[in-house]
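As C-alpha cells, the structure follows; a few thoughts come after it.
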Amino acid sequence: MRPLEFLLIALVAVAPAAWLACGVKCGRWVHAVVGGVVLALAAHLVIEGYRWPMVPAYALATVVVLTAIWDSLRRRPPAAAVAEGRRRTRRRILGACACLVLAVVAAAVPTLFPHLRLPEPTGPHPIGTANLFFVDQNRFETFTPDPDDRREIAARIWYPAVKTANGAIGAPAAYLENAAEVSRALTRYTPFPSFVFSHLGRVRTHARRDAPMLQEGPPCPLVIFNHATWAGIGQSTALMEELASHGYVAVSVGHAFETPYFVRPDGSVQAFDPHNAEFAERGRERSRAYEIQQQLTTTRDVQRLEGLIRELSRLRPHAVQSLHIWVADISAVLDELERMNRGDGPFAGRLDIDRVAVIGHSFGGAVAGQACLHDPRCKAGINFDGLQIGDMLDRPLEKPFLFFHHDNAGAVNRAPNLPLFERAQGPAYLAIVAGTGHLSFSDVCLYPRTSLFRLASPTGTIDGRHCQKIVSEYVLAFLDRHLRGNSAVMLEDLSQRSPEVELRARRPP
C-alpha cells in the first residue's frame, strides 16, 4: 500500500470512530479529521494516481465528507432538540458502525491488490527498454487451423542506457503497458471483472521507454529469457532490470498461444484463447502425467529418475513439440538481433552475439536447456525450477549450466533435475533455495504476503525481496564467470552470504 493510500484509509477509519464516540460537532479535532480526509484524497489522486482497489476508500471518503457537511448545515428548533438528540444518537451509532465495516473493506481490497514496488537495480547503468515484434516468414503457425499462418514473435528488451544528470532519457515505462486492454485480454476467459489487472499500469519500472543505448565500452552480452507457460514477457521484470543495470542486454521472448497476450507495434493487443485446441491438449497431457511427475521427489536413484523423465516425455508429446517451437522462437529472435546489430538502428554494433546466455522459468527453464543443445550461439544457460524434458538425457550438456530448484521441503529428492546435473559434461551447478516455492523465481514473490497474488501462488515462506536479491546475485555471478569470462567470480563464495542456498557444483575436466 502506498503512503498516501495508507493515510487516506487510516483517516476514513478514524472519522467514523470519532462520530461513534461523540458526534461530528464534539470538537475541532473531528473537523480536522474530515479536513484531513479531503486533503489526503486530493494528494493521493494528484501524486500517486487513481487505482481501482482504492474505490471502496474513495466511496467511504465521499460518505464521510458529505455526512460532515450535511450534519453541520442542519438547523433544528429548540423544542425538538431533545427528541432529535436521541434519534440522532441512534443514527450516529448505526452510521458509524456501517462506516467502520466499510473501512475494513476499504483496507482489505488494496491489501489484497497492493501496489507492486520493484527493487532498485544495483548496477551502475540506467536502463532503457524497447519492444520487438516480427513475423517469422520461414515458419508456419501450428496452433491455428489456417495452414498459411506464420509464426508471430514478440519480445521486450532491457538494456544499459546513456546516463545523464537525471539518469536515463525518456518516460518511465509502465510495468503493464496498454493496461486496460491487456486486463480485458487476461480476464476475457475468466470470471474476474475486466479491470482486475488494470492497476498494474500504474506501476512504474526503473526503465525508460526507448532511451538511447549506452555507446561506451565493448558490445553487451545477451541474455534471452523465456517465461513460464501462460505467463508473460514481463513476469521477471525485476531480474531483467537488474541484468541491464549491470551491462547486459536482456530479452524476454513471448511465445505465441502459450502466453496470454502480445502487444503489437500499433498498440493493439493480441489475446490468446486458453481454450485453443492445441493449448488445451497440452493441459490435458500435463494432468495425465501429474502422478508420474510427483514421483520425481520420492527417489534419489539416478536411473529411476532418468526413467521417470523419459516416461514424462513420452506422455507429453505436445509439450515436447512446444519445447522445440520455443527453441525455434529463440533462434529467430537471435537472428533478428543479429540483423539489428548489423543495421543502423539504436542497437547497431552494441550487441555481442558471441556471448549469449539463455535462461527461463518453469517450462521456459526447460526450453533454456534445450536451446543450449540446439543453438551454437548459446554459450550458457539457467533453468529456474523447470523439469528438464527434451534431449539432455541423450545429449549431455557441455556448456555451463545452472539449475535452480525451489525448496521441496520434506521430499526425499528436492532436485528433480538431479540426473541432468549429474550427466553434465561442462561446468554445472544445482542450487536449492530454502523456503521458496515455484513462483519465487518471478516477480510474484515481490508482492506482500497478504496480497491475493501471494496467497494464491506457491511462493514459499522466504521474504520475497530477499529471495529476489539471492537469485539476482547468483545469476550475475554465473553470467559474469561464464559469459564475461571473469574467472575470479565463484558461485561457491556466495553461499557464505546466502545460507538459504544449498549449492552443488561440478566442473568436469
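So which residues in the range 108-161 are part of a loop (DSSP other than H, G, I, E, B), acidic (D, E) and within 25 Å of the chain's Cα centre (by Cα)? Scanning the range 108-161 gives a single hit, E120.
For the range 156-199, the tally of residues that are hydrophobic (A, V, I, L, M, F, W, C), in contact (Cβ under 8 Å) with a residue 12 or more places away in the chain and open to solvent by 60 Å² or more (accessible area, probe 1.4 Å) stands at 3.
Among the residues of the range 435-456, those that are under 17 Å from H115 (Cα atoms), within 12 Å of the chain's Cα centre (by Cα) and among the hydroxyl-bearing types (S, T, Y) comprise S442, Y447.
Taking residues in the range 103-117 that are hydrophobic (A, V, I, L, M, F, W, C), and partners anywhere that are assigned to a loop (DSSP other than H, G, I, E, B) and modelled with pLDDT of 90 or more, the pairs with Cβ atoms closer than 6 Å and at least 6 places apart or on different chains are L116/V203. If you go through the range 257-272 and keep only what is among the aliphatic types (A, V, I, L, M) and under 15 Å from T144 (Cα atoms), you end up with just A271. Restricting attention to the range 248-275, the residues that are assigned to a loop (DSSP other than H, G, I, E, B) and among the hydrophobic types (A, V, I, L, M, F, W, C) total 3.
Within the range 438-470, the residues that satisfy the criterion of being of a type in the set (A, V, I, L, M, F, W, C), buried (at least 20 other Cβ atoms within 10 Å of the Cβ) and touching a Phe, Trp or Tyr at 6+ places or on another chain (Cβ under 6 Å) are F441, V444. Checking each residue in the range 305-348 for being open to solvent by 40 Å² or more (accessible area, probe 1.4 Å) and touching a residue at least 12 places away in the same chain (Cβ under 8 Å) picks out R310, E311, L315, P317, H318, Q321, H324, E338, P346. With respect to (1) crowded, with 20+ Cβ neighbours inside 10 Å; (2) touching a strand residue (DSSP E or B) at 6+ places or on another chain (Cβ under 6 Å); (3) under 18 Å from A357 (Cβ atoms), the lone exception for M213 is condition (3). Within the range 482-501, the residues that satisfy the criterion of being open to solvent by 60 Å² or more (accessible area, probe 1.4 Å) and either in contact (Cβ under 8 Å) with a residue 60 or more places away in the chain or of a type outside the set (D, E) (or both) are R484, N486, S487, A488, M490, Q496, R497, P499. List, please: which pairs have Cβ atoms under 6 Å, are six or more places apart or on different chains, and start with a residue in the range 255-279 that is within 18 Å of R139 (Cα to Cα) and in contact (Cβ under 8 Å) with a residue 40 or more places away in the chain and end with one that is open to solvent by 40 Å² or more (accessible area, probe 1.4 Å) and part of a loop (DSSP other than H, G, I, E, B)? That search, which allows pairs on different chains as well, returns E258/T229. At least 3 residues being within 30 Å of R377 (Cβ to Cβ) and in contact with a helix residue (DSSP H, G or I) (Cβ under 9 Å, 6 or more places away or on another chain) is the threshold, and among the strands (runs of 3 or more DSSP E) wholly inside the range 169-239 those reaching it are 204-209, 220-226.
Of the helices (runs of 4 or more DSSP H) that lie entirely inside the range 276-321, those containing 3 or more residues that are more than 16 Å from D391 (Cβ to Cβ) and within 27 Å of the chain's Cα centre (by Cα) span 277-288, 290-294.
Looking at this structure, is A348 within 25 Å of R484 (Cα to Cα), of a type in the set (A, V, I, L, M), part of a loop (DSSP other than H, G, I, E, B) and at pLDDT 95 or above?
So A348 passes the test.
Figure legend. Inter-residue proximity from the range 401-427: first residues open to solvent by 10 Å² or more (accessible area, probe 1.4 Å), second residues part of a helix (DSSP H, G or I) and hydroxyl-bearing (S, T, Y), beta-carbon distance below 7 Å, spacing 6+ or different chains. Indicated pairs: H406/S440; N408/T297; A411/T297; V412/T297; P416/T297. Over 21 Å from V269 (Cα atoms), among the β-branched types (V, I, T) and buried (at least 17 other Cβ atoms within 10 Å of the Cβ): does that describe I224? Spelling it out, I224 is indeed over 21 Å from V269 (Cα atoms), among the β-branched types (V, I, T) and buried (at least 17 other Cβ atoms within 10 Å of the Cβ).
Quick check, is G247 touching a Gly at 6+ places or on another chain (Cβ under 9 Å) and over 27 Å from P191 (Cβ atoms)? When the stated conditions are applied, G247 passes them.
The values are calculated or read from the model by the stated rules, or taken from the named source; none is laboratory data. Bear in mind that the values here come from a model prediction, so they are computed numbers and not experimental data. Every residue, glycine among them, receives a Cβ derived from its backbone with ideal geometry; neighbour counts consider all protein chains shown. Remember, those area values only see protein heavy atoms, side chains included, never the ligands or the DNA or RNA. Shrake-Rupley method; radii C 1.70, N 1.55, O 1.52, S 1.80 Å.
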